[in-house]
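To start, the structure itself, in C-alpha cells.
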Amino acid sequence: MHSRTNPAKPAPITIVWDWNGTLRNDLGDHVAALNATLPGLGGEPISVETYQALHRMPIRSFYGDLLGRQLGDEEWHSADEAFLAELAQRPVKLQQGARQLMMGLRARGVRQSLLSLAPHERLVREVESVGITGLLERVDGRPGPSVPSKAPAMIAHIQALGPEVDPARTLVIGDSVDDAVAAHAVGAVPVLHTTGLHGAKRLATAGVPLVETIQDAVATGIAIITSRQLAAA
C-alpha cells in the first residue's frame, strides 16, 4: 500500500484499536465463557494461563487444540453460539483508564478507529454500551462466520478510513500475534500489550514491541512513528 502523506504536512496519526482483550477488559470473561462451553464438548475447564498460552486464530483450531480433536461444522457452530451467548451475559468493561486515554488522544488530534473479528452487530452494541462510539471514526466487526486472520479486514478497514490515512503513521494496538500480522499487511506500526487474551511468550514470537498496558502501547507506538518521521525528514 502506497504512502499518502503530504511532505509539507504529515498526515495525522491514526490508531486502530482491537476490542476483545484490548479496549475491552474481558480476559476473565472469555475464560469463564469457554469453560462453560467445553464440558458439553467433552472437554475440561482451563486456567487463565492455559488460555493465554494456547489461544489462537482461527478459534475453531483453538477448540481443536483443547479437545484433542477437530470439531465438525455443526458442532463448531453450536459451540461458537454457546460461547457468544455466555459472553453476552457478562457486562462490558473497558480497560482501566481507556476512556480517559482515548479522550486525551482525540484532543491531541489523533484519529481512532476500532477493528475486531467479533460479530459486527454485537460489537457495535458493546461499544455503544460503554460510551466510546463518539471517539471512534469507524467500528468494524466481522459480518459473517469466523475467519482465520484479521489481515484482509485490516486492509479494507484502512481503505474505508479514507485516502488521508497514511499507513506509515498508523498504529495498531492489539493483544494477539494476528494483530501484528494485520498491521504488517497494511504497513502500519504494531504494538502488542501483554494483559489481553495472549500471553507474553506467545506475543514475543511476533517480533514487535511488547508492553504491559494500552497506555504504554500508545506512548511506544507514537514514539516509533515520530522517530521514523524525524529520521525521514
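Numbers for the structure displayed
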{"quantity": "Under 17 Å from Lys93, Cα to Cα: aspartates and glutamates that are on another chain or at least 8 residues apart", "calculated": "Asp18, Asp26, Asp29, Glu126, Glu128, Asp175"}
{"quantity": "Among 154-163, 168-177, the order from most to least packed when residues are scored by Cβ within 10 Å on average", "calculated": "168-177, 154-163"}
{"quantity": "Solvent exposure of segment 1-125 as accessible area per residue, Å², 1.4 Å probe", "calculated": "50 Å²"}
{"quantity": "Within the chain, helix-based [θ] at 222 nm, where runs of 4 or more DSSP H residues each add -39,500 (n - 2.57), nearest 500", "calculated": "-14000 deg cm²/dmol"}
{"quantity": "Portion, in percent, of the accessible area of segment 4-156 that falls on carbon or sulfur, probe 1.4 Å", "calculated": "54 percent"}
{"quantity": "Partners for Lys9 among aspartates and glutamates (Cα-Cα distance below 13 Å; same-chain residues under 8 apart left out)", "calculated": "Glu164, Asp166"}
{"quantity": "Size of charge dipole - segment 51-156 - debye, nearest 20, with Cβ of Lys, Arg +1 and Asp, Glu -1, no other charges", "calculated": "680 debye"}
{"quantity": "GNM top mover of Ala188, Ala33, Ala219 - the chain, alpha-carbon springs below 10 Å", "calculated": "Ala219"}
{"quantity": "Gyration tensor (alpha-carbon) shape descriptor, segment 33-122, a/c threshold 1.5", "calculated": "prolate"}
{"quantity": "Cα convex hull of segment 141-233, projected area averaged across orientations, nm²", "calculated": "6.5 nm²"}
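The values are calculated or read from the model by the stated rules, or taken from the named source; none is laboratory data. Predicted, not measured: the structure shown is a model, and the values here were computed from it. FYI the Cβ positions are ideal-geometry reconstructions off the backbone, even for glycines, and counts take in every protein chain you see. Heads up: the accessible areas ignore ligands, DNA and RNA and are worked out on the full protein's heavy atoms, side chains in. Shrake-Rupley method; radii C 1.70, N 1.55, O 1.52, S 1.80 Å.
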